[in-house]
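S.K.: After the structure tokens below, expect a handful of questions from me.
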Amino acid sequence: MIHTDGLSKQFGSFVALVPCTLNVPRGEVFGLLGPNGAGKSTLIRLLMGFLQPTAGSAHVNNFDIVRQTVNVKSSVSYLPSSPKLFRTMSGHSVLRFFARIRRDGDLPRALQIAKRLDLNLRPWVAFMSTGMRQKLAIAATFSVRAPLLILDEPTENLDPTVRRIVADLVREARADGQSVLFSSHVLSEVEEVADRVGILRSGQLVHEQSVSSIRRTHKIHATIQGSLPPIDDNLTPIVTIEFQSDGLVRLNVAGELAPVLKWLAAANLTDMHVEPVGLSAVYERFHHVAGTLPS
Amino acid sequence: MNRTLITKSIREGSALFAACSLGLIAFTFFRVWIVGRFDSNRFKQLIDILPKDWDRYTSVDFTWLVSYLGRVTMTLDEPMLLMMIALWGIVRGSDVVSGELGRGTLEIVLAQPIRRSNVYYAHVFVSLFGALILTLLVWGTMAVAIQWTMIKESTFPAIKIPLTNYAIPLTFREPIESWVAMRDYLNAIMFWPGIVNLFCLSAFFVALTSFLSACDRYRWRTLGVAVGFYFVMAMLKFGGLATDSLRFLLYFTIFHLYEPELQVRLYQDGDASFWSLWRWNEKLSLYELGPCGANILLLLISTALIIAGVRIFKHRDIPAPV
């Protein structure tokens, strides 16, 4: 659905996006992670045709982002970060505008989503709170059954209940065969809905990993008396062992946990606890967290 | 062009349009009505005492200018009316790109499957159409005001010479004041060349500010440049008319293409140069564009600015809303 090949963007001497090669297959939810200024929005804005690439190329739904912009936008329903809507229109008028401007616009569906988000459509946008405006933009974006949804910080300014509904909407979109590019700072949300994540650092795509492989990664902490039994050959690629002082041992498991636990059952372990590594640990490898340096 | 975008643009400009319409209707009616309050004969005495140099600031001679036709035509050259027409053009034109960028709504519009040129053309089309309606409103108001206004005229009693058509006015007697309808002297159709010229000027302002807007990201800067341009052009015209040595400045000001009095005068006189592109201006001793040529040039410049604006807008980066 998205294919970029060495796509880059430079503003004068500032490199906003280092040549980036990325593939997002049809029907996948791809989480785009990175701190402010990492290049997430630049990548999205390039895909949307708002910015002209400095080098490289990109295709969305097999359409070139520079030469076939209208086709690209027909394939995309886009939710910008902190969306700005027409202040002198009521919520209902805004949804009607978006339903009319696109051939695949669907006002009844937009109204249905707005109702699900518990959004009052009567006031003018100018008199809506930030959260209401975000909900309005969400209703407009999800009402379109475009092959690709690009969501830039979709849950910004939303309460936990609405965040949950947005996550449900993303899952429903995936179930309908839509692809989703989901950019967010909230790691737990991305982990919850994404199939795969990409991490950007200083304009560079530094890491890509499937969420299922992240979910299968665990840390096992235990105190050992004696030594570990000999490890099976099939476990060697997925287990790394670190012996620490006072008989403490830490195992990093990047795969199925069951055979590892079966292997450890033979060892004399006490105080054993297993914890999932999670997306935050992967993220921390590439970005400063609480004053620590990236590994 | 996209109908939804046109509807949106009409909606956004409707408040300003209503304000400009009301202002123009009220001003034009009042201005024409005022003409009827003063007898043309009194102005003739005034002309005699004015220094000859004053004549240089008008494109037509004073005697024509103080006639009812001349004075009503001068409505189209009033700074108040011009500023209101320019206000519409400048404010709506500046909204095309930099205005939408400033409000942050351009991003969400451009995210829809429409060409950038369609976004631009829809906005410019509505602004031009608004300018056309405003100029027609001015014309319509002139027509209504002419129809309704009564002119106070003072004439001396006269003695008619028997068996002839001659009458001798008795100037030593008190003049007799009478009221006549302005429509007996004027017809709104007479002013169409001036109205066409006014529309061409307003189209130029729409096109210029749309172009500036396409190049810029801040509306306040677009407005500043457009207003600055307006005043520089006005100063160039004033300078060109004031001094013979600076006459060449007239070739550099857009306001030299806006001469409603001259256009109405030439049309009324049935002058052949009305339809020609070039004419020799005896008063200013220079070749200049004829009424038809001036209007064509204004429209050509406007078209060029619109096309250039679209080209710039199509290829520029759209910064993220702040």
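S.K.: For the range B:94-125, what are the residues that are touching a Leu at 6+ places or on another chain (Cβ under 7 Å) and among the small types (Gly, Ala, Ser)?
M.R.: B:94, B:122
S.K.: If you check residue B:143 against the conditions, is it in contact with a Leu (Cβ under 6 Å, 6 or more places away or on another chain) and either surrounded by 14 or more Cβ atoms within 10 Å (Cβ to Cβ) or aromatic (Phe, Trp, Tyr) (or both)?
M.R.: Criteria not met by residue B:143.
S.K.: Something else about it: Regarding residue B:307, is this residue surrounded by 15 or more Cβ atoms within 10 Å (Cβ to Cβ), part of a helix (DSSP H, G or I) and out of contact with any Cys (no Cβ under 9 Å at 6 or more places or on another chain)?
M.R.: Numbers: surrounded by 15 or more Cβ atoms within 10 Å (Cβ to Cβ): no; part of a helix (DSSP H, G or I): yes; out of contact with any Cys (no Cβ under 9 Å at 6 or more places or on another chain): yes.
Taking the combined requirement at face value, the residue does not satisfy it.
S.K.: May I pose another question? If I filter the range B:225-245 for residues that are farther than 30 Å from residue B:28 by Cα, open to solvent by less than 40 Å² (accessible area, probe 1.4 Å) and not in a loop (DSSP other than H, G, I, E, B), do I get at least one hit? Quick ask: steps written out before the conclusion?
M.R.: Filtering the range B:225-245 down to residues farther than 30 Å from residue B:28 by Cα leaves B:243-245.
Narrowing the set further to residues that are open to solvent by less than 40 Å² (accessible area, probe 1.4 Å) leaves none.
No: the range B:225-245 contains no residue that is farther than 30 Å from residue B:28 by Cα, open to solvent by less than 40 Å² (accessible area, probe 1.4 Å) and not in a loop (DSSP other than H, G, I, E, B).
S.K.: Same structure again: Cβ-Cβ under 6 Å, sequence separation 6+ or interchain: first residue in the range A:68-85 and over 16 Å from residue A:173 (Cα atoms), partner of a type in the set (Asp, Glu). Which pairs?
M.R.: A:80/A:152; A:80/B:107; A:81/A:152; A:81/A:153
S.K.: Please go through the range A:189-223 and give me each residue that is hydroxyl-bearing (Ser, Thr, Tyr), assigned to a helix (DSSP H, G or I) and within 12 Å of residue A:282 (Cα to Cα), ordered by number. Even if it seems obvious, please write down each step before you answer.
M.R.: Here is the first cut: in the range A:189-223, the residues hydroxyl-bearing (Ser, Thr, Tyr) are A:202, A:210, A:212-213, A:217, A:223.
Subset that is assigned to a helix (DSSP H, G or I): A:212-213.
Selection gives A:213 alone.
S.K.: Next question. Report whether or not residue A:96 is more than 30 Å from residue A:3 (Cα to Cα), within 12 Å of chain B (Cβ to nearest Cβ) and surrounded by fewer than 22 Cβ atoms within 10 Å (Cβ to Cβ).
M.R.: yes
S.K.: Please go through the range A:1-44 and give me each residue that is outside any strand (DSSP E or B), open to solvent by 10 Å² or more (accessible area, probe 1.4 Å) and of a type in the set (Gly, Ala, Ser), ordered by number.
M.R.: A:12, A:13, A:27, A:37, A:41
S.K.: Sticking with this one: Looking only at helices (runs of 4 or more DSSP H) that lie completely in the range A:65-166, which have at least 3 residues being closer than 17 Å to residue B:105 by Cβ? First the steps, then the outcome.
M.R.: Values: elements: A:69-74, A:91-101, A:107-116, A:130-142.
In the range A:65-166, A:91-101, A:130-142 are the helices (runs of 4 or more DSSP H) which contain 3 or more residues that are closer than 17 Å to residue B:105 by Cβ.
S.K.: Go through B:245, B:213, B:178 for me and flag whichever is of a type in the set (S, T, N, Q) and within 25 Å of residue B:35 (Cα to Cα). Don't jump to the end; show me each part of the working.
M.R.: Details: B:245 fails: within 25 Å of residue B:35 (Cα to Cα); B:213 fails: within 25 Å of residue B:35 (Cα to Cα).
The unique qualifying residue is B:178.
S.K.: Name the residue that is most open to solvent (accessible area, probe 1.4 Å), counting only residues in the range A:45-76 that are within 11 Å of chain B (Cβ to nearest Cβ) and among the hydroxyl-bearing types (Ser, Thr, Tyr).
M.R.: By that ranking, first place goes to A:54.
S.K.: Let me ask something else. Which members of the range B:18-33 meet the condition of being more than 14 Å from residue B:83 (Cα to Cα) and buried (at least 20 other Cβ atoms within 10 Å of the Cβ)?
M.R.: B:31, B:32
S.K.: Further, regarding this structure: Using the structure shown, decide if residue B:203 is small (Gly, Ala, Ser) and open to solvent by less than 10 Å² (accessible area, probe 1.4 Å).
M.R.: On the way: small (Gly, Ala, Ser): yes; open to solvent by less than 10 Å² (accessible area, probe 1.4 Å): yes.
Here the answer is yes, as residue B:203 does meet what is asked.
The values are calculated or read from the model by the stated rules, or taken from the named source; none is laboratory data. Predicted model only: the values in this text are computed from it and were never measured. Backbone-built Cβ (ideal geometry, glycine too); neighbour counts: all protein chains shown. Quick note on the areas: whole protein, heavy atoms, side chains included, nothing else; ligands and nucleic acids left out. Shrake-Rupley method; radii C 1.70, N 1.55, O 1.52, S 1.80 Å.
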